[in-house]
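Every number in this text was worked out from the coordinates using simple rules, so none of it is lab data. Note that the coordinates shown come from a computational prediction; the quantities given were computed from them, not determined experimentally. Cβ atoms come from the backbone with ideal geometry, glycine included; neighbour counts cover every protein chain shown.
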Amino acid sequence: MNLGMPEMIFIFLLALIIFGPKKLPEIGRQIGRALTEFKRASNEFKMQIEDEIRQLEYDEQQKKIATTTPPIETPSYAESASAALVNSSPDGTVAHGSDLHNGEIPEERGHHEEPASTPSHFVQGTDA
């Protein structure tokens with residue numbers, strides 16, 4: 001529905017005759033508020049529909065990716081820890097969990113130094 005200038009003038013004059021010059025500004029404000037509220041509601045509805053369409057497209061895309069790509073198997077903590085110990089052993093031997101100290105990789109066997117402050121009753125060959 002497209003209203004030209006002559007139609008708008010006719011509607012304005014008709015409204016002026018029916019409602020009078022005192023009520024016409026008040027009616028115009030009410031019509032303006034109603035149109036603004038209608039426009040806001042229609043924009044909100046449009047955005048809601050677009051969001052739903054985007055969400056459906058995203059879900060379809062994720063489903064398509066899930067069916068075409070095999071799931072990546074992640075090793076458990078125990079598998080990855082044992083693999084790290086085997087691969088990091090200098091002479092190729094398997095390091096055991098008892099060889100670890102606070103999560104550190106053990107040094108080569110036979111090259112372990114005694115701490116400087118070892119009590120004498122722990123050192124072999126001495127009587128305390």
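For this structure, a couple of remarks:
- Contour excess over end-to-end distance, with Cα ends at Ala15 and Arg29 and 0.36 nm allotted per residue: 3.7 nm
- Cα gyration tensor category, rounded, prolate or oblate, for segment 24-68 with a/c compared to 1.5: prolate
- Fully extending the segment from Lys22 to Ser42, taken as 0.36 nm per residue of separation minus the present Cα-Cα distance, adds 4.0 nm.
- Charge dipole magnitude, Cβ of K and R +1, D and E -1 - segment 24-68, Cα centre, debye nearest 20: 180 debye
- HN-Hα J in Hz across segment 58-63 - Karplus 6.51, -1.76, 1.60, θ = phi - 60°, x for Gly and Pro: 5, 4, 4, 5, 5, 5
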